[in-house]
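Heads up, the thing below is written out as structure tokens.
The values are calculated or read from the model by the stated rules, or taken from the named source; none is laboratory data. A quick note: this is a predicted structure, and the numbers were derived from the prediction, not measured. Because the Cβ atoms are built from the backbone with ideal geometry, glycine has one as well, and the counts that use them run over all protein chains shown.
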Amino acid sequence: MPLRTHLKIDHTLSGHLLDLQEGYAKTALPTTSIMIADEKGLIHGGFIFSAADFTAMAAVNEPFVVLAKSECKFLAPVKEADEVIFEGTVITENATRATVEVEGRVGENRVFFGTFYTATLEKHLLS
């Protein structure tokens with residue numbers, strides 16, 4: 001299934017697609033030195049959120065899907081050179097709204113969980 005949304009996103013900062021199916025997306029975010037927030041090598045949570053958000057948008061996979069709200073938990077730290085694997089699954093949807101649960105893991109360690117509430121618009125938000 002081809003990706004139909006967020007086609008110009010920078011995959012080095014927001015993750016790249018590994019799998020895409022109806023109502024499901026799997027992405028990977030290899031972390032790098034530009035994402036570090038401190039001297040210990042902690043990855044800034046904004047990069048984790050961005051990759052989780054991209055995963056949610058890909059799971060919906062509509063051209064004009066946007067984030068309306070999210071509820072997120074950062075469960076464990078991520079450090080430089082970790083690869084975070086995200087899986088997003090649409091749990092409810094209708095014609096214009098979808099709710100997507102996204103989980104992020106480094107190996108077997110769960111580092112992120114979020115619920116993303118999306119809206120699918122008829123035309124681009126900036127049109």
Limited to segment 71-103, what total is found for residues that are surrounded by fewer than 17 Cβ atoms within 10 Å (Cβ to Cβ) and in contact (Cβ under 8 Å) with a residue 60 or more places away in the chain?
1
Can you pull out every residue in segment 1-21 that is under 16 Å from residue 84 (Cα atoms) and touching a residue at least 12 places away in the same chain (Cβ under 8 Å)?
12, 13, 14, 15, 16, 17, 18
When only residues in segment 114-127 that are crowded, with 16+ Cβ neighbours inside 10 Å and not small (Gly, Ala, Ser) count, which is nearest to the chain's Cα centre (by Cα)?
116
Name the pairs whose Cβ atoms lie under 7 Å apart, with the first residue in segment 104-127 and touching a residue at least 12 places away in the same chain (Cβ under 8 Å) and within 17 Å of residue 50 (Cα to Cα), the second in a strand (DSSP E or B) and among the polar types (S, T, N, Q), and 6 or more positions between them or separate chains?
114/70; 115/70; 115/99; 116/70; 117/70; 117/99
Residues (in a loop (DSSP other than H, G, I, E, B), small (Gly, Ala, Ser) and buried (at least 16 other Cβ atoms within 10 Å of the Cβ)) located in segment 9-28:
15
Looking only at segment 29-61, how many residues end up being under 19 Å from residue 107 (Cα atoms), under 9 Å from the mean Cα position of the chain (by Cα) and not hydroxyl-bearing (Ser, Thr, Tyr)?
4
Quick one: in segment 85-111, of everything that is modelled with pLDDT of 95 or more and outside any strand (DSSP E or B), which residue is nearest to residue 122 (Cα to Cα)?
96
Failed item in (1) outside any loop (DSSP other than H, G, I, E, B); (2) in contact (Cβ under 8 Å) with a residue 40 or more places away in the chain, with residue 62 passing the rest
(1)
Would you pick out the residues in segment 29-55 that are part of a strand (DSSP E or B) and more than 27 Å from residue 119 (Cα to Cα)?
30, 36, 42, 43
Would you pick out the residues in segment 66-84 that are more than 8 Å from residue 106 (Cβ to Cβ) and either in a strand (DSSP E or B) or of a type in the set (A, V, I, L, M, F, W, C) (or both)?
66, 67, 68, 69, 70, 71, 72, 73, 74, 75, 79, 81
Condition set in contact (Cβ under 8 Å) with a residue 40 or more places away in the chain and β-branched (Val, Ile, Thr), scope segment 22-59, selection nearest to residue 124 (Cα to Cα): answer is 55
Number of the exception - residue 53 against (1) surrounded by fewer than 17 Cβ atoms within 10 Å (Cβ to Cβ); (2) more than 19 Å from residue 2 (Cβ to Cβ)
(1)
